[in-house]
Every structure is written in structure tokens, then in C-alpha cells.
1. Could you please let me know if Asp97 is part of a helix (DSSP H, G or I) and either within 16 Å of the ligand (Cβ to nearest atom) or closer than 17 Å to Thr182 by Cα (or both)?
2. Quick check on my filter: what residues within segment 107-117 are out of contact with any helix residue (DSSP H, G or I) (no Cβ under 6 Å at 6 or more places or on another chain) and either farther than 14 Å from Asp151 by Cα or acidic (Asp, Glu) (or both)?
3. Quick one: would you say Leu31 is within 15 Å of the ligand (Cβ to nearest atom) and either closer than 26 Å to Leu190 by Cβ or not in a strand (DSSP E or B) (or both)?
4. With the condition kept exactly as written, say whether any residue in segment 87-110 is buried (at least 22 other Cβ atoms within 10 Å of the Cβ), modelled with pLDDT of 95 or more and acidic (Asp, Glu).
5. Let me spell it out: the conditions are (1) in a helix (DSSP H, G or I); (2) surrounded by 20 or more Cβ atoms within 10 Å (Cβ to Cβ); (3) away from the ligand (no atom under 15 Å from the Cβ), and Thr127 meets all of them except one. Which number is the exception?
6. Can you find a residue in segment 56-70 that is within 13 Å of the ligand (Cβ to nearest atom), within 16 Å of Phe165 (Cβ to Cβ) and within 15 Å of the chain's Cα centre (by Cα)?
7. Would you please name the residue that is nearest to the ligand (Cβ to nearest atom), looking only at residues in segment 144-166 that are more than 16 Å from the chain's Cα centre (by Cα) and among the aliphatic types (A, V, I, L, M)?
8. Can you tell me how many residues within segment 127-162 are closer than 19 Å to Thr195 by Cα and among the charged types (D, E, K, R)?
Amino acid sequence: MTTNWVEWHNAYDDPTSGLVRRLAHVRRRVLTALRDAPAGEIRLISMCAGQGLDVFGAVAEFDRTDDVVGRLVELDPENVAAAKARGVPGIEIVEGDASVTSAYYPADVVLACGVFGNVSDEDVQRTVTLLPMLCRPGATVVWTRHHEAPDLTPSIREWFAAAGFEELGFDTEPGYSYSVGTHRLVGEPLPWQDTKLFDFVGKPFDGRRSPVS
Ligand SMILES: C[S@@+](CC[C@H](N)C(=O)[O-])C[C@H]1O[C@@H](n2cnc3c(N)ncnc32)[C@H](O)[C@@H]1O
């Protein structure tokens, strides 16, 4: 079964969905990272950005909008169009492949939401290990992963620690399968390199359970 990544976003219209609850955490974590950023330009990137509800929701609450320079990378043209309809100046929406480092520039706020549930465990580890390449010093990464069995999130948190990040938060909620992790780079960024991070394989969505990933 192929997931329709436009329809996938419909769960954001259902106030009872896990995705809506996950979104509130992601927006709060991104907004906190923006507010904690020093004066001057703040660079933000989002991989597999979908319709950008997380970024645009956070930026709408931020009072230094003019300081935000962003790039959202999304493959699906309909999602790109929906993101552009919400767009704000300074944030570009790129229709393209988010799986390669060449899609990005080093940023202060990095979103990897809805990615780690759709790539192999090995690629999650590879991406986390290489994330310091996409980070400016002190950058904050906000990421998501469901924690259905077998729960990969304990390993993901270990991989972040091994890659030089400290954990700022790990948000979950009883009865829901989402997790939102927030990590700050305390080690050095990695030197830039053009490389592939992951293969986005997707996963079947049976339409019943909350399609968080
Ligand atoms: C699970 S959704 C997450 C969307 C968004 N980040 C969110 O959390 O609301 C995954 C998104 O990745 C996009 N996608 C899949 N493969 C991609 C690729 N290689 N490059 C960029 N985007 C991709 C899909 O079109 C889909 O919108």
C-alpha cells in the first residue's frame, strides 16, 4: 500500500488525532528554540516538511519573524503548494529530495518530523549521526518517531547523545503513539559533506490508527 502524503495531512483536521497533539509539542519546541536564539539571523530547515504546519505555526507566534531565514524541503507537489499557501517571507519551500545533505544549509533550528518512522533503523542512526553537519553551533533539532513496538526511541536518544547532542525534551502522552524529541548540539558541528542521509521508504497506513511517524 502506498501512502498518499496529501491525505496523510487530513489527520491534522481532526482535533482528536495524535497528530494534532504531536503538532502542539513540535510547535512549542520550535518556538522555544527560536526564542532562545541570540539576536540576529536564525536559520531553520525542515526535512520532509509536508505542508509546514509545524514551522508556520511556530513562526506565527514568534515576534522576530524578520530574523528567520528558512528552507522547507518536500517532494510532493501538492504538499509544496499547500505549504506555499501558508508561507511567510524569508522561508522558502523547495520541491525536492530531502534525503541528501545538498538540500540544506547548516541551521540553528532543524526539524526532522515524520521522517524516522519512514526510513530503516540503520538510516535513522546514520541521519542522527550526520545531523551535526546540518547544524550551526548550539543548534536545536526537533524530531518525531512513534514508539510502537519495537520502540526505536531509546536507541535514537542514545544516538543523539553519541553524536554530541544534549536532550532538552522528550514529549509523549499516555494513549498516544507519538514522541517528540528535542536535542541541542553541544559538540562541534561536523564538516560539510555532500552525502545521502536516508532512503524514504514510507510505511503502510491502514487508515485506523493515528498515522504519526
Ligand atoms: C510523515 S509526512 C511528515 C510531514 C511533516 N514533516 C509533518 O510532520 O507534518 C512525510 C513527508 O515526507 C515527504 N517525502 C517523502 N519522501 C521525501 C523525500 N525523498 N524528500 C522530501 N520529502 C519527502 C512526503 O511527501 C510527506 O509529506
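1. Details: part of a helix (DSSP H, G or I): no; either within 16 Å of the ligand (Cβ to nearest atom) or closer than 17 Å to Thr182 by Cα (or both): yes.
Judged against the criteria, Asp97 is not a match.
2. First, the residues of segment 107-117 that are out of contact with any helix residue (DSSP H, G or I) (no Cβ under 6 Å at 6 or more places or on another chain): 107-108, 111-112, 114-115, 117.
Of everything in segment 107-117, those that are out of contact with any helix residue (DSSP H, G or I) (no Cβ under 6 Å at 6 or more places or on another chain) and either farther than 14 Å from Asp151 by Cα or acidic (Asp, Glu) (or both) turn out to be Ala107, Asp108, Leu111, Ala112, Gly114, Val115.
3. Working: within 15 Å of the ligand (Cβ to nearest atom): no; either closer than 26 Å to Leu190 by Cβ or not in a strand (DSSP E or B) (or both): yes.
Against the criterion (within 15 Å of the ligand (Cβ to nearest atom) and either closer than 26 Å to Leu190 by Cβ or not in a strand (DSSP E or B) (or both)), Leu31 does not qualify.
4. Yes, segment 87-110 has at least one match.
5. Condition not satisfied by Thr127: (3).
6. Restricting attention to segment 56-70, the residues satisfying the condition of being within 13 Å of the ligand (Cβ to nearest atom) are 56-58.
Okay, now just the ones that are also within 16 Å of Phe165 (Cβ to Cβ), so none.
No, segment 56-70 contains no residue that is within 13 Å of the ligand (Cβ to nearest atom), within 16 Å of Phe165 (Cβ to Cβ) and within 15 Å of the chain's Cα centre (by Cα).
7. This residue is Leu152.
8. Result for segment 127-162: 1.
The values are calculated or read from the model by the stated rules, or taken from the named source; none is laboratory data. Computed from a predicted model, the values in this text were never measured in an experiment. Cβ sites come from the backbone with ideal geometry, for glycine too, and all protein chains shown count toward neighbours.
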